Amino acid sequence: MNRREFIVLGGAVAALATSRVTLAADWPNKSVVVISAYPPGGTSDIIARLVADLLTAKFGQQFVIENLAGAAGALAGGKLARSAPDGYTILVSGSAPIAANKVVQTNLAYDPEADFTPITIVAESPALLTASAKAPAKTLQELIAYAKANPGKVNIGNPGAGTKGHICAALIGLQTGIELNHIPYKGSPPLLADLLGGHIDFALDAPSNYLPHIKDGKIHGVAVTSAHRIGELPDVQTVAEQGLKDYEQTLWFGAVGPKGMPADIVSAIQKTIKDWIDTPAAKEKLASLGLTAVANTPEEMRSEMAREIESIKPLVTAGLVQPS
């Protein structure tokens, strides 16, 4: 997925470009850095590039992606926390650097709740559990049975420690009592490459990168973590359908600024994203990636950050997620 593909925004982007906004101190009067916490190609980076394109069209200045991958997003989060709160640096990412890292990283150089200004959650999706062609199980119940018969032999990859893929797998282990080895990768692309190559049997991650390979039969969709099946994979059952009653987990991708970012700039960015989210083109584009539009308020995002942080603490207490 590249920047050119996102200019399917079409009429929506054109409308944004013709209604540019002037804010206090003429923001923006120079380029703005959009930090992407993961390597190019993964869902988090796709969302960051989408947001950068939208804001460039709206405000007439370049919103430039800076990929700063590493330490499950902690490098990106640390840079944002050290940035001036002038509206010229924002972070667009999955939830790990924005929330989970507070719990799963012991020496984190920032506190996401204290050091970030929430802007909006752009989109959400279930996590997707996938299996390689060589995997010993193709359904969740087969995986559980195999793990019980072969303790310590099931490896499940995730795009980084503390990511929602990691958390979702830990919850499956907690509810079933099986032992899973959680293997963190530096983003989705290398995880997918190892899954396709048969170097790891299972992965839990956002769906978008995996959808075409499931449809081509190169890997198998095992389960989705949402309450309902997703339209792109109607034959893949939910975790709850496969025996884990009431199991429901979603991933989200949001935008934040440094602490003290001016409220009018926050509002302008949030409104730009929401205006696009409200278009049919946006919903269609996000659905093709296995995503659902959100565009909530900064206050709602702050509440979701806190909820996610609290939800991970029991997993740490139980030793299923080890702080690094």
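If you go through region 288-303 and pick out every residue that is aliphatic (A, V, I, L, M) and closer than 14 Å to THR120 by Cα, you end up with 4. For region 136-162, the set of residues classified as surrounded by 18 or more Cβ atoms within 10 Å (Cβ to Cβ) and in contact with a strand residue (DSSP E or B) (Cβ under 6 Å, 6 or more places away or on another chain) consists of LEU140, ILE156, GLY157, ASN158, PRO159, GLY160, ALA161, listed by residue number. Of everything in region 1-39 that's of a type outside the set (A, V, I, L, M) and at pLDDT 95 or above, which residue is surrounded by the most Cβ atoms within 10 Å (Cβ to Cβ)? Across region 1-39, the extreme among qualifying residues is SER36. The condition of being in contact (Cβ under 8 Å) with a residue 12 or more places away in the chain and outside any helix (DSSP H, G or I) holds for only one of ILE178, ILE172, ILE214, ILE167, that being ILE178. The number of residues in region 229-285 that are in contact (Cβ under 8 Å) with a residue 40 or more places away in the chain and part of a helix (DSSP H, G or I) comes to 16. Within region 132-164, restricting attention to residues that are closer than 18 Å to ALA318 by Cβ and not β-branched (Val, Ile, Thr), the residue that is farthest from the chain's Cα centre (by Cα) is PRO151. When VAL236, VAL222 are checked against the criterion of being over 25 Å from ALA72 (Cβ atoms) and among the β-branched types (Val, Ile, Thr), a single residue qualifies: VAL236. Residues satisfying the criterion are present in region 70-84 (criterion: touching a Ser or Thr at 6+ places or on another chain (Cβ under 7 Å) and either more than 19 Å from LEU251 (Cβ to Cβ) or among the acidic types (Asp, Glu) (or both)). Against the test of being out of contact with any His (no Cβ under 7 Å at 6 or more places or on another chain), over 21 Å from ALA48 (Cα atoms) and either crowded, with 16+ Cβ neighbours inside 10 Å or hydrophobic (A, V, I, L, M, F, W, C) (or both), the options LEU91, LEU195, LEU191 yield a single qualifying residue, LEU195.
So is GLY260 crowded, with 21+ Cβ neighbours inside 10 Å, under 23 Å from ALA96 (Cα atoms) and in the same structural domain as GLU310 (by TED's automatic domain parsing) or not? Answer is no for this residue. Tell me the residue from LEU129, LEU54 that is under 20 Å from the mean Cα position of the chain (by Cα), crowded, with 24+ Cβ neighbours inside 10 Å, in contact (Cβ under 8 Å) with a residue 60 or more places away in the chain and over 27 Å from ASP216 (Cα atoms), please. Checking each option against the conditions leaves just LEU54.
The values are calculated or read from the model by the stated rules, or taken from the named source; none is laboratory data. In this text, all values refer to a predicted model and were calculated from it rather than measured experimentally. When we count neighbours, we look across all protein chains shown, and the Cβ atoms used for this are built from the backbone with ideal geometry, even at glycine.
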